[in-house]
Amino acid sequence: MQNPVAKVAVVGSGISGSVCAATLARNGISVTLFDSARGPGGRMSQRREISEDGRELLFDHGAPYFTVTNPDVLSVVTEWESRGLVAEWKSNFGSFDCFTNKFVNTEHQERESKKYVGVPGMNSICKALCHEPGVDSKFNMGIGKFEWLEHENLWSLIGLDGQHLGHFKGVVASDKNIALPRFTAITGQPPPLDLSLAPELVKLHDIPIYPCFALMLAFNEPLSLVPAKGLSFTNSKVLSRAQCESSKPGRSSTSERWVLHSTTEYAKDVIAQSGLEKPSKETLSKVGNEMLQEFLSTGLSIPQPFFMKAHRWGSAFPAASIAKEEKCVWSEKKKLAICGDFCLSPNVEGAILSGLAAASKLKGLISTL
């Protein structure tokens, strides 16, 4: 790697921010990555839970897998595969009609679109990228303010606790909420990024989102009457999909673990009643019971789980793309890039492409940074 010649801050350690940070570092740019969470991953996080009897349970409670069609992304994923960070999930996939209580199109996956998962968890990719040489990752550190210093032509980042986090010649942000009122609704604090700092940021003014609840379940016995390990649901007001975590490559099979995802409509109804604030234990318990009952009502002799926990993804899924041509929002004057799946397409592949595009913008200015 070249000697670092510039300091860039990347805010957000989901797949888009992680890809951007690692790409910049490989091109000689010194990167500091900030994330308010305990570890990397974003929607590619892996949840670790402990059951009442002390068993460790791991769940990919966000993105269950991803597919690849773009050759640039395929090149990146092939490299990850060679490093043992990803593997193909070869299993049966299908759809269940909750009106007829019957499976449709359940067969072994055709190889038209490989389904990739991180190994041993979806967050393994982001973990590796966030710890590449040249990337200094700082977790449990949320950003309270992005301040542009006009005379120095630098960015100053301030933490949520008021701590000065440093000056940077360029900034990449992969959180769509950083400039939106939604940030205030969730945290009670003003958005960290002022949209008036750059005219390009007007695209961030209003990004519609889809909320979703995830329910993590663990069973002592395999669900033998479920012929598929990945399911989509039709004619259900509550469930949209389900996947068997323990069937993925590199996972423990000491218990059968499933993750259910709710429909958008169901999540919106719950949020309309409970608000955008962090959901209470009572709300999550109610959601968990309703999602489980919908799963049990399939008539597939599904036993009661020994572990159950719900999680809310309040604003994780974008309902629109704001930069399909550019693949990221870019202010050349301010050396500011905004990247994420909300820029290009609402999936992991779109997030990777957007992160690569943001890195490319800053790489192109390496001589001036």
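The values are calculated or read from the model by the stated rules, or taken from the named source; none is laboratory data. On a predicted model such as this, the values are computed, not experimentally measured, just so you know. Note that we place each Cβ from the backbone using ideal geometry, even for glycine, and neighbour counts take in every protein chain shown. We work out accessible area using only protein heavy atoms, side chains counted, and drop any ligands, DNA or RNA first. Shrake-Rupley method; radii C 1.70, N 1.55, O 1.52, S 1.80 Å.
Residues in the stretch 121-145 that are outside any helix (DSSP H, G or I), open to solvent by less than 30 Å² (accessible area, probe 1.4 Å) and among the hydrophobic types (A, V, I, L, M, F, W, C): Met122, Val135, Ile143. Contact annotation: no residue pair with Cβ atoms under 9 Å, 6 or more positions apart or on different chains, pairs a residue in the stretch 219-235 that is without any contact (Cβ under 8 Å) to a residue 12 or more places away in the chain and outside the structural domain of Asp97 (by the TED database) with a partner that is open to solvent by less than 60 Å² (accessible area, probe 1.4 Å) and in a loop (DSSP other than H, G, I, E, B). A count restricted to the stretch 245-262 and to residues that are without any contact (Cβ under 8 Å) to a residue 40 or more places away in the chain and open to solvent by less than 30 Å² (accessible area, probe 1.4 Å) stands at 2.
Within the stretch 300-321, the residues that satisfy the criterion of being within 26 Å of Asn101 (Cβ to Cβ) and open to solvent by 40 Å² or more (accessible area, probe 1.4 Å) are Ser301, Pro303, Gln304, Phe306, Met308.
Selection of the stretch 43-87 for residues being open to solvent by 30 Å² or more (accessible area, probe 1.4 Å) and assigned to a strand (DSSP E or B) yields Arg47, Arg48, Ile50, Glu56, Leu58.
Can you find a residue that is modelled with pLDDT of 95 or more, open to solvent by 20 Å² or more (accessible area, probe 1.4 Å), touching a helix residue (DSSP H, G or I) at 6+ places or on another chain (Cβ under 7 Å) and under 25 Å from Leu157 (Cβ atoms) anywhere in the stretch 342-355? No - not one qualifying residue is present in the stretch 342-355. Filtered by the rule that a residue be within 24 Å of Ala228 (Cα to Cα) and among the charged types (D, E, K, R), the stretch 270-314 gives Glu290, Glu294, Lys309. With respect to the conditions (1) at pLDDT 95 or above; (2) aliphatic (A, V, I, L, M); (3) surrounded by fewer than 14 Cβ atoms within 10 Å (Cβ to Cβ), Met1 falls short on a single one, namely (1).
Can you confirm whether Phe183 is of a type in the set (Phe, Trp, Tyr), assigned by the TED database to the domain that holds Val259, farther than 26 Å from Ile50 by Cα and open to solvent by less than 40 Å² (accessible area, probe 1.4 Å)? Against the criterion (of a type in the set (Phe, Trp, Tyr), assigned by the TED database to the domain that holds Val259, farther than 26 Å from Ile50 by Cα and open to solvent by less than 40 Å² (accessible area, probe 1.4 Å)), Phe183 does not qualify.
Yes or no, residue by residue, for (1) over 19 Å from Glu49 (Cβ atoms); (2) not charged (D, E, K, R):
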residue	(1), (2)
Gln243	no, yes
Lys248	no, no
Ser253	no, yes
Trp258	no, yes
Thr263	yes, yes
Tyr266	yes, yes
Gly275	yes, yes
Lys278	no, no
Thr283	no, yes
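Being open to solvent by 10 Å² or more (accessible area, probe 1.4 Å) and outside any loop (DSSP other than H, G, I, E, B) is the filter here, so list the residues in the stretch 152-165 that pass it. Matches in the stretch 152-165: Leu154, Ile158, His164, Leu165.
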